[in-house]
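First the structure, in the form of structure tokens, and then the observations on it.
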Amino acid sequence: MAANTGDFPPFCVLLGPDYAGKSTVMTELAGGPSPWRLLSVDDAFLGPAHRLIARLRRDLVTETLPALGTAYSPDFAASLMQTAVVHLRDQVAAYRPLGPVLVDSYYYKILAKCRLLGAGESPLFAWWRSLPQPGRVLYLDLPHETAWRRSGEGAGLNPLEHYGERPEQAAFAAYQADLRKIMLEEIRHLPVSVVDARGTVGQTVRAIREVLADERG
């Protein structure tokens, strides 16, 4: 059963394609004064009590995805990713007395990647979509050519960031285009602020701070 909306503090979601810079932005925001609490399943934002989340993410990439279609199904992979969704849901609810929250991706990017893996329209997705929705999504947007350069021209990619067995630019561009389309479909019912992520980290962070300040009123 989804958490009641009344159990959630005001929250926004930071979303974007791979290599849009979400992790870097979250780290920069965490290093400065802000009334916003920051939530992510990135290692830097997981305390000792939640290291299991990090291990499951690594096992997904190193063990599950290479064996997809043989030892494991797309639905099994989606079930592993469900743990991140539940963790973020629980953590947002836990911050209710402490003020507004900015969440890295929430369930939107995970859902899109599950669909691209071939999970179809899993029953999990209906539950995710029933979760309380943010007041605003901040969408970091950038061309796939820029993302490709940031990935080291494919050197830093994992199997959840491109089509096919090899991280080639065309396969990366096609995957990122489909990822963007699905994510935007999932947030079409929400207020969305698009932030150009092609600039420096400082420029992106300033743009995000402006949106968050307006959101706080």
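Data for the structure
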quantity: Cross-chain or 6+ apart pairs with Cβ under 7 Å, the range 153-168 first and in contact (Cβ under 8 Å) with a residue 12 or more places away in the chain and under 17 Å from GLY21 (Cβ atoms), then among the polar types (S, T, N, Q) and part of a loop (DSSP other than H, G, I, E, B); calculated: LEU157/SER151
quantity: Some residue of the range 100-112 being free of Cβ contacts under 8 Å to residues at least 40 places away in the same chain, under 14 Å from the mean Cα position of the chain (by Cα), under 19 Å from ASP42 (Cβ atoms) and assigned to a helix (DSSP H, G or I); calculated: yes
quantity: Answer from ARG149, ARG180 - the residue that is closer than 30 Å to PRO66 by Cα, part of a helix (DSSP H, G or I), of a type in the set (D, E, K, R) and touching a residue at least 60 places away in the same chain (Cβ under 8 Å); calculated: ARG180
quantity: Any pair with Cβ under 9 angstrom, 6 or more apart, that starts in the range 118-134 at a residue that is in contact (Cβ under 8 Å) with a residue 60 or more places away in the chain and of a type in the set (A, V, I, L, M, F, W, C) and ends at one that is surrounded by fewer than 17 Cβ atoms within 10 Å (Cβ to Cβ) and in a loop (DSSP other than H, G, I, E, B); calculated: TRP127/MET1; TRP127/ALA2; LEU131/ALA2; LEU131/ALA3
quantity: Top-ranked residue of the range 193-210 - restricted to ones that are among the hydrophobic types (A, V, I, L, M, F, W, C) and surrounded by fewer than 16 Cβ atoms within 10 Å (Cβ to Cβ), ranked as modelled with the highest pLDDT; calculated: VAL194
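The values are calculated or read from the model by the stated rules, or taken from the named source; none is laboratory data. Every value quoted in this text rests on a predicted model; they were computed, and no experiment measured them. Backbone-built Cβ (ideal geometry, glycine too); neighbour counts: all protein chains shown.
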